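These notes are about the structure you will find just below.
Just so it is clear, none of the values below were taken in a lab; they were calculated from the coordinates. For clarity, every value in this text was computed on a predicted model and none was experimentally measured. In this analysis, Cβ positions are derived from the backbone assuming ideal geometry, glycine residues included, and neighbour counts consider all displayed protein chains.
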There are 2 protein chains.
Amino acid sequence: METPVVKGLRADAWRNRARLLAVAEDVFASRGPSASTEDIAVAAGVGIGTVFRHFPTKEALLEAVFVERLQRLIDDARQLSSAPDAGQAFFIFFRSVLDQAHSKSAIADALAHAGIDLKDSMAGVKEDLNAGLNALLVRAQRVGAVRDDIGIAELLALLVGAARAVDHAAGNTDVEDRTLEVILDGLRPHSRRSTRG
Amino acid sequence: METPVVKGLRADAWRNRARLLAVAEDVFASRGPSASTEDIAVAAGVGIGTVFRHFPTKEALLEAVFVERLQRLIDDARQLSSAPDAGQAFFIFFRSVLDQAHSKSAIADALAHAGIDLKDSMAGVKEDLNAGLNALLVRAQRVGAVRDDIGIAELLALLVGAARAVDHAAGNTDVEDRTLEVILDGLRPHSRRSTRG
C-alpha cells in the first residue's frame, strides 16, 4: 500500500493520523457511524485534543475513513491488475468491493445526513477507482473470463446493484452467496459459467 | 384486472375513487411525488373537496397509488402464471417489475419522508406479490428456463438489486439494457443463456 501524501504533514504526525484513522474505522465498524469522537479518542488512548487537531469535526473524520477505504480498494485493484489469472483477479476484486460496500454505505449515509458533500473529496478517488476497475475488466475480457459486451458503465451499475441485492439478503449468508453467484454467472461468457446452477 | 373491494363503498363512489387514483398516478409520474393534491383535483376536473373525501391527506393518496400499482403487478403475475411459455412469462414479469420500480421507489421515498409506515397497508399486498412471483419462478424452473438453485429470497434480492442497477444507469437505455441482460443471463441455467455475450 502506498503512503498517501498529506500536504505539510511531518512523518510522525502522519503516523498519528494513520493510526487514528485505523482506530476510527474499527470503532465505526463495531458501533456504527453514530460513535462519537470521544469514543475514538478513548479507543486510541489519546486525548480528544489530538483527535481534533487532525480532524476538526466528526464529519471530517468519517470522510477521511471513507476516502481511506476507497484508497485501499484502489491499491488492491492496482496489485490485482498484474495477477497471473486475469479472470480470477476480476472476480476477487468484484467481491472485495461488495465486502466493503455495506459499512461504506453506512458511513456515506451518515455523511449525507450531516449534509457533507462527498463529491469534492471524492472526485479524484472515484476516477482512480474507475480506472482500476476498468483495467481489471479489460484484462479479464481479453482472456475470455468476462463477457465482452459490457463496459465500465455496466460494471459500475452491476456493482451498485449487487451491493443492494446482498444488502437485501442481509443476515442470510446462503441467500447472499446464491444471489451474488447469479450476478457473477451473468458476467461470465456463455462457455465459462459455474456448474452450480 | 379484478375489482378491488373497498369496504362500504358504493359502485359509483368506487368508480370515482378509481378514476382519481388513475389521474393521481399520471400526475405523480409526470411531476414527481411533490405534486400537490390541488394539482390532482385540477387534472381530474373535480373540486378539492372530492379528493379529500376519498383521500384525507396527500400521503393517503400516495399510499393508495402505491398499493394500486402493486395490485396491478399481482394481477399481471396471476395472468402470466397460466401463460403457455413459463420461461417467457417469468422474464416478462421480472422486466415489468423493474419498469415500475423507478417511479414506485420515488413514491415510497416520499412516503418514508412523510413518516408513513408502509408496512401495515402493505402486509397483505406484499404476501400476494411474493406468492405470484414464487408461482412464476417455480413454473419457469420446472421447464428448465430458470436455474434451480435459487428460491424466492434470492429472486427478491435480485429484483431489488436489478432495480438499483438500472437506476444507477438511468438516462442511458443501452447501459440499462446491457446491465439487465447480465442479471437475466445469470438467472438462466447454463444451457440456455442468450448468445449476445
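Numbers at a glance
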{"read-out": "Peptide ranges A:31-42, A:148-159, B:176-187 listed from the most packed, as the mean C-beta count within 10 angstrom indicates", "value": "B:176-187, A:148-159, A:31-42"}
{"read-out": "Straight-distance crosslink candidates among aspartates and glutamates, where the alpha carbon sits under 12 Å from A:Lys58 and sequence neighbours closer than 8 are dropped", "value": "A:Glu38, A:Asp39"}
{"read-out": "Label point 7 Å beyond Cα along the C-beta direction, distances from A:Ala13 to other copies (nm, shortest first)", "value": "7.3"}
{"read-out": "Inter-copy spacing of A:Gln71 label points, which lie 7 Å from Cα along Cα→Cβ, given in nm from shortest upward", "value": "5.6"}
{"read-out": "Residue-averaged beta-carbon neighbours from other chains (10 angstrom radius) around B:166-177", "value": "3"}
{"read-out": "Shortest-first nm distances, B:Val143 label point to equivalent points in other copies (7 Å, Cα→Cβ)", "value": "3.9"}
{"read-out": "Under Karplus coefficients 6.51, -1.76 and 1.60, residue-wise ³J(HN,Hα) of segment B:78-86 in Hz, glycine/proline x", "value": "4, 4, 5, 5, 10, 5, x, 9, 5"}
